[in-house]
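Asker: Starting off with a structure, shown below.
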Amino acid sequence: MSRPLIAHADIPRNRLNLPETIWWQDGELFLLDQTQLPLTVVGERQDDIEQVFASIKALKVRGAPAIGVAGAYGLLVGLRDHQQQPLAEFIKLIQQKADWLGEARPTAVNLKWALNRMVAYAQDCTADSSAALYEQLVQEAVRIHTEDRELCRMIGVHGAPLIKPDTGILTHCNAGSLATSEFGTATSPMYVAHSEGTAFRVYADETRPLLQGARLTSWELQQAGIDVSLITDNMSAHLMSQGLIDMVIVGTDRVAANGDVANKIGTMAVAILARHFGIPFYVALPYSTIDFDMPAGSGIPIEERGEEEVTSFGARRTAPEAMRVRNPAFDVTPHEFVTGLITERGVVLPPFAENLKNQYSE
Ligand code: MRU
């Protein structure tokens with residue numbers, strides 16, 4: 001079925017003057033199609049919840065905070081034609097649809113966090129009709145979205161002082177504006193430091209197999225006027241050995257209560273290299289990415305994706321036919337390798353189990 005596409009010029013822009021990743025307009029959900037970047041900048045209206053599920057699964061919208069926000073709005077898309085139902089039935093439906101949409105991707109906890117927040121809001125809401133509840137839920141989804149903008153900006157405020165003049169920063173995957181509502185997580189200290197006039201260099205790992213670093217991070221940083229160089233994933237050890245990298249900042253899909261960090265596959269290798277070369281390894285995240293119910297990273301579900309992502313480079317097949325493949329999309333960096341967690345409340349240092357709990361106890 002052909003989907004209504006939104007041309008580049010018609011996509012709203014955020015405060016960084018980058019295209020919005022997600023926007024809700026006149027009761028409809030729109031997503032920037034990130035699978036087409038950087039060659040084509042196009043948005044897509046999401047007409048039903050099945051389409052939203054497919055868009056999350058296909059990484060049209062991706063990055064932990066962004067899939068949380070898309071999930072909250074996506075739930076509304078699945079509910080808007082059911083507002084005539086009796087209130088008790090409507091609330092049951094909200095739970096069912098949230099449970100289903102939450103299965104679109106397993107590793108980033110933000111998707112389930114946002115959906116659980118929508119369900120809890122619905123269950124506590126005193127609206128006297130399904131239509132009134134729906135309207136209240138729209139406001140809650142908008143709050144989740146607006147809050148994410150502010151959380152990410154504050155990560156930048158706390159993280160920017162870590163970036164000294166002439167620092168070389170390595171990042172992996174895309175934990176940028178495209179992965180969130182605006183400033184990104186790993187990129188937020190970079191955007192804030194840049195706006196304050198600090199000069200620094202970024203090295204973006206290309207991030208096989210789906211090339212989020214090459215397609216997305218280098219694209220958004222380049223547009224923001226930040227000094228960025230793209231490298232392939234196997235170049236970082238060499239650059240570290242040459243003294244070109246002074247710090248690593250990455251994002252995360254889920255932080256366990258002990259500080260273990262799930263992030264894009266390859267992150268753990270970067271952390272181990274950073275330890276070898278004595279380079280600080282920071283992880284940037286909003287509170288919605290912390291899973292206090294997950295004691296350690298070993299319990300975090302790791303998404304396995306299709307083999308074609310590994311057997312091909314773009315549209316071109318690069319492996320023999322019938323090749324056996326493994327394609328874990330994430331890995332878990334043990335907390336011992338993490339120098340600090342840059343959050344909206346400040347930089348949390350080890351011991352993480354204790355300090356995370358203290359930071360978020362009220
Ligand atoms: O598979 P993706 O592109 O959704 O993976 C994204 C990442 O691993 C990001 O680093 C993480 O979600 C943090 S986004 C602020």
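The values are calculated or read from the model by the stated rules, or taken from the named source; none is laboratory data. Computed from a predicted structure; not experimentally measured. No Cβ is skipped: glycine too gets one built from the backbone with ideal geometry, and neighbour counts run over all protein chains shown. Quick note on the areas: whole protein, heavy atoms, side chains included, nothing else; ligands and nucleic acids left out. Shrake-Rupley method; radii C 1.70, N 1.55, O 1.52, S 1.80 Å.
Asker: Can you tell which of I302, I290, I265 is in contact (Cβ under 8 Å) with a residue 24 or more places away in the chain, among the β-branched types (V, I, T) and surrounded by fewer than 20 Cβ atoms within 10 Å (Cβ to Cβ)? Talk me through it step by step, then tell me what you get.
Answerer: Details: I290 fails: surrounded by fewer than 20 Cβ atoms within 10 Å (Cβ to Cβ); I265 fails: surrounded by fewer than 20 Cβ atoms within 10 Å (Cβ to Cβ).
The conditions single out I302.
Asker: Now for a different question. If you go through the stretch 93-129, how many residues are away from the ligand (no atom under 16 Å from the Cβ) and at pLDDT 95 or above? I'd like the intermediate steps shown before the answer.
Answerer: Residues of the stretch 93-129 away from the ligand (no atom under 16 Å from the Cβ): 93-100, 115-129.
In the following step, the residues that additionally are at pLDDT 95 or above were identified as 93-100, 115-124, 127-129.
The number of residues fulfilling the criteria is 21.
Asker: For the stretch 234-257, state whether one or more residues are small (G, A, S), more than 16 Å from the ligand (Cβ to nearest atom), open to solvent by less than 30 Å² (accessible area, probe 1.4 Å) and under 23 Å from V69 (Cα atoms).
Answerer: Yes, some residue in the stretch 234-257 is small (G, A, S), more than 16 Å from the ligand (Cβ to nearest atom), open to solvent by less than 30 Å² (accessible area, probe 1.4 Å) and under 23 Å from V69 (Cα atoms).
Asker: Suppose the filter is surrounded by fewer than 21 Cβ atoms within 10 Å (Cβ to Cβ) and within 15 Å of the ligand (Cβ to nearest atom); does L87 pass it?
Answerer: Judged against the criteria, L87 is not a match.
Asker: Looking only at the stretch 178-199, decide whether some residue is surrounded by fewer than 23 Cβ atoms within 10 Å (Cβ to Cβ), assigned to a helix (DSSP H, G or I) and within 14 Å of the ligand (Cβ to nearest atom).
Answerer: no
Asker: Among the residues of the stretch 305-326, which ones are touching a strand residue (DSSP E or B) at 6+ places or on another chain (Cβ under 7 Å) and surrounded by 12 or more Cβ atoms within 10 Å (Cβ to Cβ)? Reasoning before the result, please.
Answerer: In the first step, residues of the stretch 305-326 are kept if they are touching a strand residue (DSSP E or B) at 6+ places or on another chain (Cβ under 7 Å); the result is 311, 318.
Matches in the stretch 305-326: T311 only.
Asker: For the stretch 41-70, which positions are crowded, with 24+ Cβ neighbours inside 10 Å, of a type outside the set (A, V, I, L, M) and within 13 Å of the ligand (Cβ to nearest atom)?
Answerer: Matches in the stretch 41-70: S55, R62, G63, P65, G68.
Asker: Another one. Could you give me the residue pairs with C-beta distances under 6 Å whose first residue belongs to the stretch 50-77 and is closer than 24 Å to V255 by Cα, whose second residue is charged (D, E, K, R) and within 15 Å of the ligand (Cβ to nearest atom) wherever it lies, and which are 6+ apart or on separate chains?
Answerer: I56/R105; K60/D33; A64/D253; P65/D148; V69/D148
Asker: Which one is farthest from G251 (Cα to Cα), of the residues in the stretch 30-49 that are part of a helix (DSSP H, G or I) and in contact with a Leu (Cβ under 9 Å, 6 or more places away or on another chain)?
Answerer: I49
Asker: Could you grab me the full set of residues in the stretch 272-287 that are open to solvent by less than 20 Å² (accessible area, probe 1.4 Å) and within 14 Å of the ligand (Cβ to nearest atom)?
Answerer: F281, V283, A284, L285, P286
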